[in-house]
2 protein chains.
Amino acid sequence: MSLALKGSNYAGLLERHRIHTKNVEHVVDSLRNERIEVRLVKRREYNEETVRWADAVISAGGDGTMLLAASKVFDKFKPVIGVNTDPERSEGHLCLPVRYTHAFPEALQKLYRGEFRWQWRQRIRLYLEGTGINPTPVDLHEQQLSQEQHSRAHINERFQDQRSDISGPHLLPVRALNEVFIGESLSSRENFKSCKPSFKFSLHRASYYEISVDDGPWEKQKSSGLNVCTGTGSKAWSYNINKVAHQAVEEILKIAKKHGSLNMPLNTELVQKVTNDYNESLLYSPEEPKMFFSIREPIVNRVFSSSRQRGFSSKVCVRSRCWDACMVVDGGTSFEFNDGAIASIMIDTEDALCTVLLEE
Amino acid sequence: MSLALKGSNYAGLLERHRIHTKNVEHVVDSLRNERIEVRLVKRREYNEETVRWADAVISAGGDGTMLLAASKVFDKFKPVIGVNTDPERSEGHLCLPVRYTHAFPEALQKLYRGEFRWQWRQRIRLYLEGTGINPTPVDLHEQQLSQEQHSRAHINERFQDQRSDISGPHLLPVRALNEVFIGESLSSRENFKSCKPSFKFSLHRASYYEISVDDGPWEKQKSSGLNVCTGTGSKAWSYNINKVAHQAVEEILKIAKKHGSLNMPLNTELVQKVTNDYNESLLYSPEEPKMFFSIREPIVNRVFSSSRQRGFSSKVCVRSRCWDACMVVDGGTSFEFNDGAIASIMIDTEDALCTVLLEE
């Protein structure tokens with residue numbers, strides 16, 4: 001009810017939930033009609049035991065649900081398939097084409113007849129080392145959904161295997177399907193116990209860190225954060241950070257023309273072509289085992305420089321000089337990354353996520 | 001001591017504090033030598049009563065201190081002068097040239113001899129209206145420094161004058177010297193009372209809002225936030241959001257060349273010229289009574305479009321469709337800005353900040 005009071009489209013939310021539920025039923029019925037055993041689990045019940053039980057995982061939701069589904073799958077031969085049950089709200093980049101949402105038996109038929117190919121989406125792994133690190137992941141979606149206390153967010157079986165060698169780099173128990181983002185975050189402080197629920201604060205603080213790309217020399221940087229993505233993630237947040245606007249390309253070409261460098265008329269068509277080509281060059285195949293790093297709003301002055309603000313790489317190392325920063329994986333899991341911590345970021349093809357591409 | 005354990009340069013921090021203190025003493029002594037009465041107040045003691053007492057205000061610190069000093073001055077004839085006592089760490093854009101830091105009597109002499117001119121830095125005012133708004137400002141610097149409870153952050157005398165007409169737009173008791181930033185923030189939730197002090201989370205969430213520029217048609221947008229700045233602020237965060245990298249200009253010109261549009265060789269010199277010209281065009285005089293709005297990482301798809309991602313304007317209106325957003329003024333004061341709230345943003349020359357430009 002508080003949503004209605006705020007003016008949100010509460011009725012709209014209810015309707016989308018109804019549509020989602022109907023779409024989920026369609027998928028489940030289609031599977032059971034083929035005598036496939038289905039366990040339907042909600043977000044909070046979805047865990048590694050469920051994944052172990054399954055031969056394949058189908059996420060029913062949008063791209064966010066697909067990220068969540070993938071986050072518990074570490075077996076490169078366990079297919080994860082996304083069905084977009086919320087096409088109004090989600091682009092569904094990670095899901096099957098939206099027509100299968102209402103015609104799922106067609107998708108099943110294609111799978112039976114082999115009218116598909118396997119697609120391995122490369123993922124990023126993270127090593128963390130250094131003084132005072134805290135390799136315990138915090139599940140951001142749990143914070144959003146459950147509003148429970150966070151003791152369980154700090155328990156992670158997979159990590160405990162690594163505790164034996166405290167001094168060496170810890171392999172974190174996550175694999176990024178879209179990206180790892182490193183930047184200053186905001187803290188919730190203990191003394192705000194009695195704060196009014198509406199209290200919030202946001203402070204844009206620059207992130208300080210040092211970065212080494214492909215074992216190159218360390219470079220000090222100050223920016224609004226560092227994004228390292230996969231081919232899958234190259235069309236997600238990374239794309240929004242790096243894409244160029246028609247308006248900006250037009251101004252750049254106008255200036256080039258002023259310097260006598262343009263011999264074609266500067267028309268909308270040319271600007272559009274150049275804009276599109278540039279933005280397309282930011283995208284690459286999810287199956288390529290390479291990462292794309294980009295620095296968000298680099299701050300360049302006497303102290304800090306950026307020789308390269310973005311590019312492809314096999315390995316990125318970052319030393320935090322941050323006060324209160326995080327590494328955030330796929331917008332869903334967060335690790336402290338403060339002064340003294342060193343992260344090594346790379347792709348290992350063993351970590352790939354198995355999905356399917358249906359023939360059209 | 002916890003700083004030393006984290007690996008920060010604690011000795012460096014102490015040294016900068018020593019330098020700052022010495023520089024402040026120099027300024028105070030210079031003033032008292034001229035028989036000027038000086039009240040030296042620390043950040044937390046600085047308030048509107050102090051400003052009322054003074055004929056002029058001198059901030060001793062970096063640009064952040066200058067923003068704080070300006071934030072309590074609403075009289076357009078009360079000069080505010082910044083002395084950069086931390087030149088190693090602050091660019092000092094808002095302060096006197098750094099040589100006066102150690103030669104303040106020279107600055108005073110110029111003031112006495114009239115070897116200066118007044119400079120009025122235009123500032124932005126904000127009106128807030130709509131359902132469920134909370135016009136109480138939260139002082140972000142207080143959160144950082146005092147770690148006290150926030151009851152005093154919610155008391156604001158100036159605002160109480162406006163309470164009489166609840167239904168009309170409220171003029172907020174702040175004036176932005178650099179910029180207003182609107183975007184989704186992070187919440188500290190009441191139930192996290194017993195969280196470990198190290199608990200933090202950061203979730204990059206897109207901001208939804210509708211925007212109308214210069215009373216134009218409303219446009220739905222989704223982005224990483226909206227920045228509206230002054231001429232002063234055009235060289236601050238706005239500059240970092242909008243500046244283009246040499247690397248990006250090079251790629252754009254390469255693509256234009258590929259389309260047969262470049263008749264000059266594509267060399268570093270040309271790229272540098274175009275890059276510099278473009279970036280310079282983002283800056284304008286602090287005295288111009290116009291605002292520059294820019295959308296950070298706009299998300300463009302079927303639903304959301306951005307006809308213009310940045311430009312000059314006299315008035316910007318924003319309707320929040322956000323879940324948990326803020327309007328942040330000069331990185332220091334924050335207002336809730338959630339679904340149902342409408343902000344009107346503009347410059348009124350009555351709000352200008354009086355500073356001085358010394359002749360060189």
Exercise for review: For the stretch A:217-255, name all the residues that are out of contact with any strand residue (DSSP E or B) (no Cβ under 9 Å at 6 or more places or on another chain) and away from chain B (no Cβ under 13 Å).
Suggested key: A:Pro217
Check your understanding: So B:Thr232 fits all but one of (1) in contact with a Leu (Cβ under 6 Å, 6 or more places away or on another chain); (2) without any contact (Cβ under 8 Å) to a residue 60 or more places away in the chain; what number is the exception?
Key -> (2)
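Yes/no per residue for (1) outside any loop (DSSP other than H, G, I, E, B); (2) within 19 Å of A:Glu219 (Cβ to Cβ); (3) in contact with a Lys or Arg (Cβ under 9 Å, 6 or more places away or on another chain):
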| residue | (1), (2), (3) |
| --- | --- |
| A:Thr275 | yes, no, yes |
| A:Tyr278 | yes, no, yes |
| A:Leu282 | no, no, yes |
| A:Glu288 | no, no, no |
| A:Phe293 | yes, yes, yes |
| A:Ser307 | no, yes, no |
Exercise for review: Kindly check whether there is at least one residue in the stretch A:345-360 that is more than 24 Å from the chain's Cα centre (by Cα), over 30 Å from B:Val274 (Cβ atoms) and more than 9 Å from every other protein chain (Cβ to nearest Cβ).
Suggested key: yes
Practice item. Answer yes or no as to whether A:Ala107 is touching a strand residue (DSSP E or B) at 6+ places or on another chain (Cβ under 9 Å), under 19 Å from A:Gly231 (Cα atoms) and buried (at least 19 other Cβ atoms within 10 Å of the Cβ). Key: no
Revision key, fill the gap. Residues of the stretch A:207-227 being under 10 Å from A:Val318 (Cβ atoms) and assigned to a loop (DSSP other than H, G, I, E, B), in sequence order, are A:Trp218
Point to revise | Test: residue in the stretch A:21-32 that is in a loop (DSSP other than H, G, I, E, B), under 30 Å from B:Lys222 (Cβ atoms) and not aliphatic (A, V, I, L, M) | key: no
Point to revise | Among (1) touching a residue at least 24 places away in the same chain (Cβ under 8 Å); (2) exposed (fewer than 13 other Cβ atoms within 10 Å of the Cβ); (3) under 24 Å from the mean Cα position of the chain (by Cα) - the single one A:Arg52 does not satisfy | key: (1)
Review point. So which residues in the stretch A:77-104 are closer than 30 Å to A:Val138 by Cα and surrounded by fewer than 14 Cβ atoms within 10 Å (Cβ to Cβ)?
Key: A:Phe77, A:Glu88
Check your understanding: within 14 Å of B:Thr355 (Cβ to Cβ), in a helix (DSSP H, G or I), within 14 Å of chain A (Cβ to nearest Cβ) and not hydroxyl-bearing (Ser, Thr, Tyr): does that describe B:Leu13?
Key -> no
Check your understanding: Where residues in the stretch A:256-265 are in a loop (DSSP other than H, G, I, E, B) and within 7 Å of chain B (Cβ to nearest Cβ), which of them is modelled with the highest pLDDT?
Key -> A:His259
Review point. So which pairs qualify, if the first residue must be in the stretch B:127-139 and within 13 Å of B:Val329 (Cβ to Cβ) and facing another protein chain (nearest Cβ under 7 Å), the second must be aromatic (Phe, Trp, Tyr) and part of a loop (DSSP other than H, G, I, E, B), the Cβ gap must be under 8 Å, and the two must be at least 6 apart or on different chains?
Key: B:Val138/A:Phe199; B:Val138/A:Phe201
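Conditions (1) more than 18 Å from A:Leu358 (Cβ to Cβ); (2) over 19 Å from the mean Cα position of the chain (by Cα), marked per residue:
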position: A:Thr21; (1), (2): yes, yes
position: A:Ser30; (1), (2): no, yes
position: A:Ile58; (1), (2): no, no
position: A:Gly62; (1), (2): yes, no
position: A:Phe74; (1), (2): yes, no
position: A:Leu96; (1), (2): no, no
Exercise for review: Can you tell me which residue within the stretch B:23-47, out of those that are of a type outside the set (Val, Ile, Thr) and touching a residue at least 60 places away in the same chain (Cβ under 8 Å), is farthest from B:Val98 (Cα to Cα)?
Suggested key: B:Arg44
Practice item. Determine which single condition A:Leu31 fails, assuming it passes every other condition in (1) modelled with pLDDT of 90 or more; (2) within 14 Å of chain B (Cβ to nearest Cβ). Key: (2)
Practice item. Give the residues of the stretch A:340-354 that are modelled with pLDDT under 95 and buried (at least 22 other Cβ atoms within 10 Å of the Cβ), sorted by residue number. Key: A:Ala341
Exercise for review: Taking A:Lys290 as the residue in question, decide whether it is of a type in the set (Lys, Arg) and in contact (Cβ under 8 Å) with a residue 40 or more places away in the chain.
Suggested key: yes
Revision key, fill the gap. Per the list (1) surrounded by 15 or more Cβ atoms within 10 Å (Cβ to Cβ); (2) of a type in the set (Gly, Ala, Ser); (3) more than 21 Å from B:Val174 (Cα to Cα), residue check on B:Ala11 breaks on (1)
Check your understanding: Within the stretch A:272-285, can one find any residue that is among the β-branched types (Val, Ile, Thr) and touching a His at 6+ places or on another chain (Cβ under 6 Å)?
Key -> yes
Revision key, fill the gap. The correct count of residues that are outside any loop (DSSP other than H, G, I, E, B) and among the small types (Gly, Ala, Ser) in the stretch B:228-240 is 3
Check your understanding: Taking the stretch B:266-279 as the search range and keeping residues that are facing chain A (nearest Cβ under 9 Å) and hydrophobic (A, V, I, L, M, F, W, C), which one is farthest from A:Ala256 (Cα to Cα)?
Key -> B:Leu266
Check your understanding: Out of all the residues in the stretch A:308-329, is one or more within 8 Å of chain B (Cβ to nearest Cβ), touching a His at 6+ places or on another chain (Cβ under 8 Å) and within 24 Å of A:Lys72 (Cα to Cα)?
Key -> yes
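The values are calculated or read from the model by the stated rules, or taken from the named source; none is laboratory data. These figures come from a predicted structure and were not determined experimentally. Every residue, glycine as well, gets a Cβ built from its backbone with ideal geometry; the counts of neighbours run over all protein chains shown.
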